Amino acid sequence: MRIGELSRRTGVNTHQLRYYEAQGLLEADRGTNGYREYDETAVLRVKQIRHLLGAGLSSEDIAYLLPCAVGEAPELLGCPELLAAMRSRLSRLDDQMAALARSRDALADYIDAAERMGSRTYPPFDGAGPERVPA
């Protein structure tokens, strides 16, 4: 099938399909006319890629995981390399979530402090500074 049909069958635009190919995630043969030609397994492969992207994996991670993928969802066979890669990705996500939680807590503290200050004008205006210049 050509790229347009693969796009229709998977709901993934052709630009993304070309990107998957460039990343080594999807393979296409070239017809005598130079057009990309995909076999039936490409539909399953694109669905697997979409599910794995939805799990927050990078295209680099996915390229590593695809040989262990079975089915559309996909199920991942317990390859030792696969498990190590997924644990590493999970650890990075945990680190990012912790950093976001710290940022959120700091922002909430600033909001609380600002609310405690009440409706005072900020910066404080005493009338003597450069804020007010007689006309």
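The values are calculated or read from the model by the stated rules, or taken from the named source; none is laboratory data. Since the structure is predicted, the reported quantities are computational estimates derived from the model, not experimental observations. Using ideal geometry, Cβ is built from the backbone for each residue, glycine included, and neighbour counts are taken over all protein chains shown.
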Query raised in the report: How about the stretch 1-95: which helices (runs of 4 or more DSSP H) wholly inside it have at least 3 residues that are among the β-branched types (Val, Ile, Thr) and surrounded by 13 or more Cβ atoms within 10 Å (Cβ to Cβ)?
Result: 41-54
Query raised in the report: Checking Arg92 against (1) modelled with pLDDT of 95 or more; (2) outside the structural domain of Gln16 (by the TED database), which test does it fail?
Result: (1)
Report summary line: Conditions (1) within 30 Å of Glu5 (Cβ to Cβ); (2) modelled with pLDDT of 95 or more; (3) hydroxyl-bearing (Ser, Thr, Tyr) -> Ser103 fails only (1)
